[in-house]
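The values are calculated or read from the model by the stated rules, or taken from the named source; none is laboratory data. No experiment lies behind these values; they were computed from the predicted model shown. Methodologically, a virtual Cβ is constructed for each residue, glycine included, from the backbone with ideal geometry; neighbour enumeration extends over all protein chains shown.
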């Protein structure tokens, strides 16, 4: 009985310690918010468990905060996930955005469920960020680059980035997707960036390396919706530390499946792609509109990998949508800052898209319409009477005075 009482007391002590730590975190954020208010700048506080409730809210909110020079606090981060709070890939984004904005930041720690960031100025130039610097991780280089692109494009000079982490990992866009789909779509809006793949980073080893450049983009134009008819399909079948025959089988299966559907594709083979560990991928893309990647896994035949990418592409073409579902949410923050109205279709209104739209509307006076038809329709336009400064074209930062093709070397 005494042991049970002792265990119960220990449990209460642990719960009390956790509650105390959470209370201290909330008090710390409150003190930070009070300090920011004394500087005369309102702090935007967001619920990180809203909608999709994952790392996307953190990335989108902090990227917009830096781009617009507005302090933000995000609470209840990833609260419903098996591992709540900031994980290595999320922490890398927080610290990278703080670095490029000379920001005051609080809560930037592994497992933190609340973070605040007050940007002071956008620091263009050379930057190097390693997602695995805190703890070994194959966190996505692509997601880190997307978070950095929006604020750096609004800087007053060019930037060069070296990013280390996972380049081709599950649940994230691949570097090939950025080069073939995401960046061409943004170039059409006036946002200029480029990527060079130096070393591939597969899950779980990571260790990939990408060099990126970002040019200043003083104006972001609206999206003129492209035709719904499929464009030219290009692709890449790649292997690292595995036989070339796997890449050949992936390509052969993809070409046969596409030919049966009346489609052709130019698919290159990239054998022995330089990497720390083994991996395989098939990527199919339509420039600036849609991209589909499948990653090899132990025990999964090469033909099955190819089928996964082809099935996703054929599902998109049958939807008659202009953009794929992922490009829809990835482009939306840029379109929310555009100087005109945008309209496009995508296969469906995903939870990610709804979440990004919600975050953008917390920062900006924009009307975003999401109509879940087949295909789904997305409209973004400035609210009537919004001034250019409200849309972020000339928003001052705190403390500020005055104002791709994917190339591989391995």
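Summary table
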| quantity | calculated |
| --- | --- |
| The listed residue being in contact with a helix residue (DSSP H, G or I) (Cβ under 8 Å, 6 or more places away or on another chain) and closer than 22 Å to residue 322 by Cα, out of 141, 134, 181, 210 | 181 |
| Filter pass, residue 239 being on the phi < 0 side of the Ramachandran plot, assigned by TED's automatic domain parsing to the domain that holds residue 128 and buried (at least 23 other Cβ atoms within 10 Å of the Cβ) | no |
| Options 126, 106, 102; residue that is touching a strand residue (DSSP E or B) at 6+ places or on another chain (Cβ under 6 Å) and surrounded by fewer than 18 Cβ atoms within 10 Å (Cβ to Cβ) | 126 |
| Test: residue in region 139-159 that is more than 18 Å from residue 213 (Cβ to Cβ) and touching a strand residue (DSSP E or B) at 6+ places or on another chain (Cβ under 6 Å) | yes |
| Residue satisfying condition, being buried (at least 20 other Cβ atoms within 10 Å of the Cβ) and modelled with pLDDT of 95 or more, within set 333, 365 | 333 |
| Residue within region 274-282 that is closer than 30 Å to residue 223 by Cα and either crowded, with 20+ Cβ neighbours inside 10 Å or touching a helix residue (DSSP H, G or I) at 6+ places or on another chain (Cβ under 8 Å) (or both) present | yes |
